[in-house]
Amino acid sequence: MRRLVIILLIFGLFTGLACSVALANEVCYKCHDKKNFSGKFTHGPVAQGKCGDCHNPHVAKYPGLLQGEGATLCYSCHKRSKTEFAKGVVHQPVRDGKCLGCHAPHAAGHDGLLRKNLAETCFVCHQEMAKPQAVSHKPFAQGQCTVCHQPHQAKNDQLLKMEADALCLSCHQQAQGSAGHRGFPRKLTGCLSCHNPHGSSRKGLVRQHLHQPFAEKKCDSCHGAQQNTGSEACLHCHAGIKTTMMAPHNHMFAGTENGCILCHSPHAGDDKKILKTSGNKVCQSCHQDTFSRYAQSQHRHPKIDSCSDCHEVHGSDRLAMLRDDGNQVCSRCHLTQGKFSHPVGDKVIDQRTGQMMTCVTCHDPMGSPHRYHLVLSAKRELCTQCHRSY
Amino acid sequence: MLRKNPRCRLGWLLFFGMFFSASSFVWAAETQSPWKFDLSLQGQGKGMALPVALYVDHEKERYYVVDSTGNKLVSFGADGKYLQEFTAEGNLKKPYDMVRLADGSLLVVEKGRNSLTRVDLKNKKTTHTVVKHQGQEVFVDRLEIAGGKVYVLDRSSGRILQLDETLQPVKSYAMPAGAGWLADFKVAEKKVWVLDQKKKQVYSYDENGRPSPAIQLTGIDFPVSLAIDPAGLLYVLDRHRGAIVAFGRNGEVKYQFLSKGQGRDNLYFPQEIRFDHLGRLCVVDEGNSRIMVFKR
């Protein structure tokens, strides 16, 4: 009896599968060219002809007659991924639910249903990485990004598979005794403060711009026994920066280490400011919430090159560490605004705060659900904040 | 059984109805904020430019607001009425925090001078002190007074320092290994409570400097200030979301209230929270140039 049930179940399963394949063959592929849904690697439901797992054949809320939106649909089957991908440092497309940024939904020529080969997939967004370098790290030159990085989420910054030093030393065990590190007083640490893990014009992948004491091999000027610790270690030379940090809102912070080296490398960097990583990514490492809000907002200011175009990086007397007041910052680009639009400036007072009206009184450049990235709907809500009898 | 016996079916329906009503009541009790708007402190004339700190004088039942951009201290009575402004004859340079000492003089953090400035109001005398610890300049940020002892947050070293009467450090509270950076601290229940903005954790130390296990905060974007409720909760101010989140002492979220904006139930780039002498929760709402006071 038990055997009979098992046989019937298996039979039913095969019949169901055959029927669904037949359904796709007979119905969907009558119009949709089957060639577009097959490749070296095919998505399970497509291979089984279960088009209906993702699409509704008649009517749907979402484009492509999809049953759900973005990652929500993917997670309806990939349930474990939903939990896993919410932990630690999360890759931006994953955080934004854009699985299809990297993966093809039906079929692809690359493992993991990647749209292109691994490196090409990464370079779609990380375009600056694609530039050829005089000296390249071998895994990078071979397009093996996942040797060091996790594609979805990781416990470590930069989506590294391990803590940075441990990751470097897992391959470069001989580095401790190498000629370049002769005289290093302790176990090697902070590899990335001197080396670019992808490529450089310098031998040994040493980063392009060197901190002057490092270039002059004057290690004692910072590391001497009698030297300052914390941010003072840097500020006793960089007195101008110290002055800018003497502001109500500033980026001087230290926990158990020197706060300056949260953004700057003390030895070498890829730009003149010897930042740890490229401009905005330095900001993102702490202001993840702002970057996420910007990415997810329906209406936002068009992308600008650098956060420091509008914000001070060391210290400011102004809200949100703006470079200037909420009018001057905007009018450097928006030359005509304020002249023919709603009056702004020091003669126009926001009655709610007693402060002058500025562009950011009504607009939130970092993103909003309202048109023109207004802080409230322009239909009525925004205006009646001040014009109550309107 | 349910199908056959209508009485039984009715009984089950009643049971489920009561169960769900009770659950939703408990849920609502747990998630609803008890805080209601009480009053707002705003300056006179041009008001306050960018208030960054509030000191509550429990003895005199007065509020002192530090207006950093206006380079002034603004005082308010217990009823929230504006009293007066103090600028030290135009000599305050980017004040950031303040307390009143036992002798009646004011101790003001001046960011523009990196000074802890003592203002002797009776004798109209101002003394600037650049605090040093272990030979290095201290970048004083937040300032607290409790039990007659003065505490400061040093932004440079990431430590809380206890100062003596001459403003020399006599005790240092170092943060645990791997800590991020400190945004705020409060002294309450004979403990120093410290908010780690990067790690989103709260550390606490007893009078002997012994740490308690860190409290991990969740559901918060950009914590800038904390307040310790004698009733058992821990309040954390989220600057970017304009919200206050109430946590249990184990870090569990109890409820949250307020949101980003310019209205009565909104905050815009708020900077600090603290309790006043009546147990009301006060918020320094920097972006809206006001102090919001909430009562339960």
Next item on the list: Extending each Cα 7 Å along its Cβ direction at A:ILE349 and A:LYS82, get the distance between those two points in nm, one decimal.
Entry: 5.3
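Can you give the direction-averaged projected area of the convex hull of the alpha-carbon atoms in region B:66-164, in nm²?
Details: hull surface 27.5 nm².
One quarter of the hull surface, i.e. the mean projection, equals 6.9 nm².
Across every pair of different alpha-carbon atoms, what Kirkwood hydrodynamic radius in Å does region A:138-230 reach?
Working: mean 1/r = 0.0659 Å⁻¹.
Final number for the Kirkwood radius of region A:138-230 is 15.2 Å.
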Checklist line | region A:163-193-region A:67-96 distance, computed between alpha-carbon centres (Å) | finding: 36
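Given R₀ = 56 Å, what would the calculated FRET efficiency be for B:LEU83 paired with A:LYS272, taking r from the Cβ atoms and rounding to 0.05?
Efficiency, from the Cβ-Cβ distance: 0.65.
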Item checked: For B:239-252, mean number of other protein chain Cβ atoms within 10 Å -> 1
Note to self: Residues of region A:358-390 with backbone nitrogen within less than 13 Å of a virtual label 7 Å along the Cα-to-Cβ line of B:SER40, please, listed as ranges.
What the structure shows: A:385-386
Checklist line | Cα-centred dipole magnitude for chain A, charges only on beta-carbon of K, R (+1) and D, E (-1), debye, nearest 20 | finding: 960
Next item on the list: Report the trypsin sites (Lys or Arg not before Pro) located in region B:51-97 that are in a DSSP loop and have at most 13 other Cβ atoms inside 10 Å of their Cβ, or state none.
Entry: B:LYS81
Item checked: Three-way shape label, region A:161-210, alpha-carbon gyration tensor, a/c 1.5 -> oblate
Check: Along the positive direction of the dipole of region A:21-115 (beta-carbon charges: Lys, Arg +1; Asp, Glu -1; about the Cα centre), which of A:GLY112, A:PRO57, A:GLN67 reaches farthest?
Finding: A:GLY112
Check: Do you know the relative contact order of chain B, to the nearest whole percent, from alpha carbon pairs under 8 angstrom that are 6+ apart?
Finding: 14
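With a sphere of radius 15 Å drawn around the Cβ of A:TYR294, what net charge do the other residues whose Cβ falls strictly inside it have (Lys, Arg +1; Asp, Glu -1)? Walk me through the numbers before you get to the answer.
Working: positive: A:ARG95, A:LYS98, A:LYS281, A:ARG293, A:ARG300, A:LYS303, B:ARG241, B:LYS260; negative: A:ASP96, A:ASP289, A:ASP305, A:ASP309, A:ASP364, B:ASP221.
Charge balance near A:TYR294 sits at +2.
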Next item on the list: Would you mind pulling out the separation of the Cα centroids of region B:268-296 and region B:37-70, in Å?
Entry: 9
Check: For region B:133-218, with the dipole built from +1 on Lys and Arg beta-carbon atoms and -1 on Asp and Glu ones, taken about the Cα centre, which of B:VAL152, B:SER172, B:SER204 lies farthest toward the positive end?
Finding: B:SER204
Check: About the Cα centre of region A:42-127, what is the dipole size in debye to 20, counting +1 per Lys and Arg Cβ and -1 per Asp and Glu Cβ, all else neutral?
Finding: 180
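List the relative contact order of chain A as a percent without decimals, with contacts defined as Cα pairs under 8 Å and 6+ residues apart.
Numbers: 462 pairs, mean separation 35.5, N = 390.
Relative contact order, chain A: 9 percent.
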Margin query: Taking the Cα centroid of region A:308-373 and of region A:110-142, what is the distance between the two, rounded to the nearest whole Å?
Written below: 40
Next item on the list: Give the Debye-formula value of log10 I(q)/I(0) at each listed q (0.06, 0.07 Å⁻¹), with one equal scatterer per alpha carbon of the protein assembly as shown, two decimals each.
Entry: -0.46, -0.61
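Mean Kyte-Doolittle hydropathy of 0.0 or higher plus an axial Cα length of 24 Å or more: which whole DSSP H helices in chain A meet both?
Those that pass (Cα extent of 24 Å or more, hydropathy at least 0.0) are A:2-23.
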Check: Whose amide H sits under 5 Å from the amide H of B:HIS133, counting only residues 5 or more places off or on another chain, with H placed in the peptide plane?
Finding: B:VAL138
Next item on the list: Quote the convex hull volume per residue of region A:288-385, based on C-alpha atoms, as a whole number of Å³.
Entry: 116
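Let me check I've understood the local charge: for B:LYS36, count other residues with C-beta under 14 angstrom from its C-beta, Lys and Arg +1, Asp and Glu -1. What total comes out? Mind dumping the intermediate values first?
Numbers: positive: B:ARG264, B:ARG280, B:LYS295, B:ARG296; negative: B:ASP38, B:ASP265.
Residues near B:LYS36 contribute +2 overall.
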Next item on the list: Among A:GLN284, A:TYR390, A:HIS264, pick out the residue whose Cα is farthest towards the positive end of the charge dipole of region A:251-390, where Lys and Arg carry +1 and Asp and Glu carry -1 on C-beta, about the Cα centre.
Entry: A:TYR390
Next item on the list: Neighbouring Cβ atoms within 10 Å as the yardstick, rank A:LYS40, A:LYS155, B:LYS200 fewest first.
Entry: A:LYS40, A:LYS155, B:LYS200
Next item on the list: Compute the Kirkwood hydrodynamic radius of region A:189-331, taking the inverse of the mean of 1/r over all pairs of distinct Cα atoms, and give it in Å to one decimal.
Entry: 17.0
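Under unit Cβ charges (Lys, Arg +1; Asp, Glu -1), what dipole magnitude, rounded to 20 debye, does region A:255-390 have relative to its Cα centre? The partial results should precede the final answer.
Values: 17 positive and 14 negative charges, 107 e Å.
The dipole of region A:255-390 has a size of about 520 debye.
Using only alpha carbon pairs under 8 Å that are at least six residues apart, calculate the relative contact order of region A:21-115 and give it in whole percent.
Values: 97 pairs, mean separation 30.2, N = 95.
RCO, region A:21-115: 32 percent.
I'd like to know how region A:21-115 sits against the 2.2 N^0.38 Å rule of thumb: what's its Cα Rg over that expected value? Before the final figure, lay out each step's value.
Working: Rg = 14.1 Å, N = 95, 2.2 N^0.38 = 12.4 Å.
So region A:21-115 has a normalised radius of gyration of 1.14.
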Check: Taking one equal scatterer on every alpha-carbon of chain A, how large is log10 of I(q)/I(0) by Debye at q = 0.11, 0.12 1/Å?
Finding: -1.04, -1.14
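Report the Stokes-Einstein translational diffusion coefficient (µm² s⁻¹, integer) for chain B, Rh taken as the Kirkwood radius over Cα pairs, at 37 °C with viscosity 0.692 mPa s. Walk me through the intermediate numbers first.
Working: Rh = 20.6 Å.
So the translational diffusion coefficient is about 160 µm²/s.
Go ahead and run the numbers for FRET between B:ARG280 and B:TYR255, Cβ-Cβ distance against an R0 of 25 Å, rounding to 0.05. Mind showing how you got there, number by number?
Details: r = 17 Å, r/R0 = 0.69.
About 0.90, to the nearest 0.05.
Using only helices, what value at 222 nm comes out for chain A when you add -39,500 (n - 2.57) per DSSP H run of length 4 or more and divide by the total residues, to the nearest 500 deg cm²/dmol? Spell out each step's value before the answer.
Numbers: 16 runs with 102 residues, N = 390.
Helix contribution divided over all residues of chain A: -6000 deg cm²/dmol.
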Next item on the list: Within region A:225-334, report the trypsin sites (Lys or Arg not before Pro) that DSSP leaves as loop and that have at most 12 other Cβ atoms within 10 Å.
Entry: A:LYS272, A:LYS303, A:ARG332
Next item on the list: Give the angle, between 0 and 90 degrees and rounded to the nearest 10, that separates the Cα long axis of helix B:6-31 from the longest principal axis of the Cα atoms of chain B.
Entry: 0
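FYI, it's all coordinate maths here, none of it is from the lab. Only a predicted model underlies this, so the values are computations on that prediction, with no experimental measurement involved. As a convention, Cβ positions derive from the backbone with ideal geometry for all residues, glycine included, and neighbour counts pool all protein chains shown.
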